[in-house]
Amino acid sequence: MQTLSDSSVPVIGPYIGGAFLLDGAPTIDSVNPANPSDVVARAIVGGADTVDSAVGAASAAHPAWSSLTGPARADYLYRWAGQIQELSAEMATIVAREVGKPIGEAKGEVARCIAILNYYAGEAVRQTGDVIPGLAPGSLQYSLRVPMGVVGLITPWNFPVAIPLWKAAPALACGNTVVLKPAETSLRCAVLLAETAKAAGLPAGVFNVLLGDGPILGSAMLDHPSIRAVSFTGSARVGAMVAERCARRNIKFQTEMGGKNPAIVMPDANLTQAANLVAGGAMRFAGQKCTATSRVIVHKDVQDAFLPELVAAIESLKVCDPLEADCAVGPVITEVSLNRIQAALKDVGKPAYQGRVPQQGFFVPPTLYTEVPGDSPLAQVELFGPVLAMTTAEDLDHAIALANGIEFGLSASLFTRDLPSALKYVHRIEAGMVRVNADTTGVDPHAPFGGVKGSSSGSREQGPAAKDFYTEIKTIQINP
Ligand code: NAD
């Protein structure tokens, strides 16, 4: 296993059938967005033929893997968690270097990986169905969860180890085998997952990782006849295409996509607490979480008091190299993202606050706009950067209407100490994850995760809910 102590830049390749394919020349350099001259890895990427090899390896491994008992599959997942634990410091550093995640959050992401694997090891033992009284006298009727076969996972770069695992762990626990296609900008992180899976002794072919171009590999996966289900996380644009292609083949799919998550601040809120949580939710990791707070909707009676608290809270977040221990805001992922965000802000007018950024790297300054109309692009379009749009509401009904007046519905927050207000919001808000006096990010790994409206195709990840996606139900009747 390569570790950070190697002085040379690691060359990585796809992981198929238990082996790393390292023939050929690397064609993608994965670089540190805080310091683009720091090459994290050189990747040998595969074409559509590697999809066929990986799916072949996963298909070959499936009969033996799915025949194992739940406790036997659990043992592998516990061992995988142990391998990640051993490598956790290096893994967090690579996450910070490869995707620009502040090191404190990168450590949290690695801890989440361990929690996810341990949780689904437990779930592997709990593959329970129902006993259903039959109409035929003396019969036994019951439902059984069965795996689907080979599942394809297509993942983004922003949680480069946790998202692949929060899909792979339940898939494997339920008896499926996996082909993962990670984002092009988080290849080293994905290979680290393969290295730890191998070190944990996962049988060859059970977990495979493809490296390469999204449209080429993703497309070949969506068309492959042996892939029986696809779990996708990423942009709404690609998610819509994935859903359409899977629906045409009549295979199961889940698409978890973007957000434009609102936080509502009521006059009775603890304003300092609200300001800190809104600032952190908006700016940490440069706003590059699907659950990041990108809109703050403030009751008119409190906006003058809230604004200075919010600006102070944003100012207190350190913008610097993600490897610095107290970093809160790092760079955005690529120069393309930097240019896209800058272009979107070009004609928006003067921000109420804009921070400063280091000279080097793809940094966008933390930026706050006030008096943003609810129907403007700034309040409607996911920017995926450290940019917060503040809008004024007349009352709670108006605030909820503004929060809901958008195509997305992933996560939402309300800051209040009033129970009736909280209850009204909980019932009316259109979001998959509904939070009160908490920021829009940071949902527990054992709780269902997903959105409504344009943020999701409706199924849920994480927690026990993930089993519903990664299994099919067989209804069995045995007559005497
Ligand atoms: P993206 O859609 O560009 O890429 C996601 C994945 O799709 C990558 O692996 C990419 O290679 C692949 N891909 C790209 N084109 C493809 C094609 N034609 N066919 C098949 N696969 C293809 O998204 P991104 O920039 O990596 O991630 C950011 C987006 O992800 C944001 O919109 C964010 O909100 C969303 N996201 C959502 C969640 C959630 O759980 N809802 C979590 C994290 C990120």
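The values are calculated or read from the model by the stated rules, or taken from the named source; none is laboratory data. Keep in mind that this is a model prediction, so the values were computed, not measured. Cβ: placed from backbone, ideal geometry, glycine included. Neighbour counts: every protein chain shown. These area figures cover heavy atoms from the full protein model, side chains too; ligands, DNA and RNA do not enter into them. Shrake-Rupley method; radii C 1.70, N 1.55, O 1.52, S 1.80 Å.
Restricting attention to region 32-61, which residues are touching a residue at least 40 places away in the same chain (Cβ under 8 Å), closer than 30 Å to VAL357 by Cβ and among the β-branched types (Val, Ile, Thr)?
Listed by number, the list holds a single entry, VAL40.
Which numbered condition trips up PRO182, out of (1) within 12 Å of the ligand (Cβ to nearest atom); (2) surrounded by fewer than 19 Cβ atoms within 10 Å (Cβ to Cβ); (3) within 19 Å of ALA54 (Cβ to Cβ)?
(2)
Just to verify a result, which residue in region 138-150, among those that are farther than 30 Å from SER59 by Cα and in contact with a strand residue (DSSP E or B) (Cβ under 7 Å, 6 or more places away or on another chain), is farthest from the ligand (Cβ to nearest atom)?
SER139
Name the residue, out of LEU378, LEU402, LEU410, that is within 15 Å of the ligand (Cβ to nearest atom), surrounded by 15 or more Cβ atoms within 10 Å (Cβ to Cβ) and either over 28 Å from the mean Cα position of the chain (by Cα) or hydrophobic (A, V, I, L, M, F, W, C) (or both).
One residue alone meets the criteria, LEU410.
Condition check ((1) within 25 Å of the chain's Cα centre (by Cα); (2) at pLDDT 95 or above; (3) among the acidic types (Asp, Glu)) across all residues:
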residue: THR69; (1), (2), (3): no, yes, no
residue: LEU87; (1), (2), (3): yes, yes, no
residue: PRO102; (1), (2), (3): yes, yes, no
residue: LYS107; (1), (2), (3): yes, yes, no
residue: GLY134; (1), (2), (3): no, no, no
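Determine whether region 265-276 contains at least one residue that is closer than 27 Å to PHE408 by Cβ and near the ligand (Cβ under 8 Å from one of its atoms).
no
Looking only at region 381-399, count how many residues are within 16 Å of the ligand (Cβ to nearest atom) and surrounded by fewer than 22 Cβ atoms within 10 Å (Cβ to Cβ).
Here the count works out to 1.
What about ALA204, is it surrounded by fewer than 17 Cβ atoms within 10 Å (Cβ to Cβ), outside any strand (DSSP E or B), touching a residue at least 24 places away in the same chain (Cβ under 8 Å) and more than 10 Å from the ligand (Cβ to nearest atom)?
So ALA204 fits the description; yes.
Within region 29-87, which residues are charged (D, E, K, R) and over 22 Å from PRO160 (Cβ atoms)?
Answer for region 29-87, where residues must be charged (D, E, K, R) and over 22 Å from PRO160 (Cβ atoms): ASP49, ASP52, ARG73, ASP75.
Spot the failing condition for THR334; the list is (1) touching a Ser or Thr at 6+ places or on another chain (Cβ under 7 Å); (2) more than 16 Å from the ligand (Cβ to nearest atom), and only one is missed.
Against the list (1) touching a Ser or Thr at 6+ places or on another chain (Cβ under 7 Å); (2) more than 16 Å from the ligand (Cβ to nearest atom), THR334 comes up short only on (2).
When the residues of region 287-321 are filtered to those that are free of Cβ contacts under 8 Å to residues at least 12 places away in the same chain and part of a helix (DSSP H, G or I), which remaining residue is most open to solvent (accessible area, probe 1.4 Å)?
In this case the residue turns out to be ASP304.
Give region 425-475 a look and list any residue that's more than 16 Å from the ligand (Cβ to nearest atom), open to solvent by less than 50 Å² (accessible area, probe 1.4 Å) and not assigned by TED's automatic domain parsing to the domain that holds GLY138, or say none.
Within region 425-475, TYR425, ILE429, ALA438 qualify.
Could you pull out every one of the strands (runs of 3 or more DSSP E) wholly within region 322-422 that has 3 or more residues that are at pLDDT 95 or above and not hydrophobic (A, V, I, L, M, F, W, C)?
In region 322-422, there are no strands (runs of 3 or more DSSP E) which contain 3 or more residues that are at pLDDT 95 or above and not hydrophobic (A, V, I, L, M, F, W, C).
Looking at SER231, SER235, which one is within 13 Å of the ligand (Cβ to nearest atom) and either on the phi > 0 side of the Ramachandran plot or open to solvent by 10 Å² or more (accessible area, probe 1.4 Å) (or both)?
Just one listed residue meets the conditions, SER235.
Assess whether ALA422 counts as being touching a Leu at 6+ places or on another chain (Cβ under 9 Å) and more than 12 Å from the ligand (Cβ to nearest atom).
Answer is yes for this residue.
Return the only residue of THR93, THR128 being part of a loop (DSSP other than H, G, I, E, B) and either farther than 17 Å from GLU472 by Cα or among the polar types (S, T, N, Q) (or both).
THR128
Table: residues versus (1) open to solvent by less than 40 Å² (accessible area, probe 1.4 Å); (2) more than 16 Å from the ligand (Cβ to nearest atom).
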site	(1), (2)
THR177	yes, yes
GLY212	yes, no
PRO225	no, yes
GLY239	yes, no
GLY259	yes, no
ARG284	no, no
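All but one of (1) more than 24 Å from GLU382 (Cβ to Cβ); (2) touching a helix residue (DSSP H, G or I) at 6+ places or on another chain (Cβ under 9 Å); (3) assigned to a strand (DSSP E or B) hold for PRO262; state the number of the condition that does not hold.
All conditions are met except number (1).
Does region 208-226 hold any residues that are in contact with a Gly (Cβ under 9 Å, 6 or more places away or on another chain) and under 15 Å from LYS167 (Cα atoms), and which are they?
Within region 208-226, ASN208 is the sole residue that qualifies.
Considering each of LEU135, LEU153 in turn, give the residue that is within 12 Å of the ligand (Cβ to nearest atom) and either assigned by TED's automatic domain parsing to the domain that holds ARG237 or outside any loop (DSSP other than H, G, I, E, B) (or both).
Testing whether each residue is within 12 Å of the ligand (Cβ to nearest atom) and either assigned by TED's automatic domain parsing to the domain that holds ARG237 or outside any loop (DSSP other than H, G, I, E, B) (or both) leaves just LEU153.
What is the one condition in (1) in a loop (DSSP other than H, G, I, E, B); (2) assigned by TED's automatic domain parsing to the domain that holds GLU382; (3) surrounded by fewer than 24 Cβ atoms within 10 Å (Cβ to Cβ) that THR272 does not satisfy?
Condition not satisfied by THR272: (1).
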